[in-house]
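Data first, discussion second: the structure below is written as structure tokens.
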Amino acid sequence: MGAAWRIARKDLTLRLRDRSAIIIGVVVPLALAFVFNLVFGGAFGSELNVTLGVADEDGGQVAAGLGDLLVVLDQQGIIDLVAVESEGELRDMVEGDEVAVGISIPRGLSAAAMAGRPVELVVVGGV
């Protein structure tokens with residue numbers, strides 16, 4: 001075990017003397033973190049609040065799970081959730097700028113998902 005510690009100590013000493021290792025190991029990650037903070041810093045803050053309409057025409061288990069997730073996001077203040085009865089009503093609300101975006105859960109989505117068949121959510125958004 002003593003030999004392993006001596007080898008580790010020797011390698012660590014060599015790395016600390018090598019300036020490129022310090023630059024790659026410390027300076028570059030800090031610079032990248034700074035750049036990412038500049039680019040994405042406000043994207044997930046309190047400034048972003050989207051009004052989201054949801055039309056659940058399925059009412060199944062998978063749709064309920066998605067609804068539960070959206071309710072949690074609503075409770076955390078990330079989105080403002082608005083429940084509507086149908087996809088047509090949802091489209092009218094998006095066109096009238098009452099909601100920014102909408103998700104329509106079509107009939108049969110839960111049954112198709114449970115059977116392993118492909119499923120589609122309809123996302124309605126304004127320009």
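A few comments on the model shown:
Table: residues versus (1) closer than 22 Å to ASN49 by Cβ; (2) β-branched (Val, Ile, Thr); (3) without any contact (Cβ under 8 Å) to a residue 40 or more places away in the chain.
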residue	(1), (2), (3)
LEU90	yes, no, yes
VAL94	yes, yes, no
GLU98	yes, no, no
VAL101	yes, yes, no
GLY108	no, no, no
ALA111	no, no, no
ARG117	no, no, yes
GLU120	no, no, yes
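- Within the stretch 46-114, helices (runs of 4 or more DSSP H) holding 3 or more residues that are out of contact with any strand residue (DSSP E or B) (no Cβ under 8 Å at 6 or more places or on another chain), surrounded by fewer than 18 Cβ atoms within 10 Å (Cβ to Cβ) and among the basic types (Lys, Arg): none
- Exactly one residue out of ASP58, ASP97, ASP92 is in contact with a Pro (Cβ under 8 Å, 6 or more places away or on another chain) and of a type in the set (D, E, K, R): that is ASP58.
- Residue within the stretch 59-71 that is more than 30 Å from ALA115 (Cβ to Cβ) and at pLDDT 85 or above present: no
The values are calculated or read from the model by the stated rules, or taken from the named source; none is laboratory data. None of the values given here were measured: they were computed from a predicted structure. Positions of Cβ are backbone-derived with ideal geometry, glycine not excepted, and every protein chain shown enters the neighbour counts.
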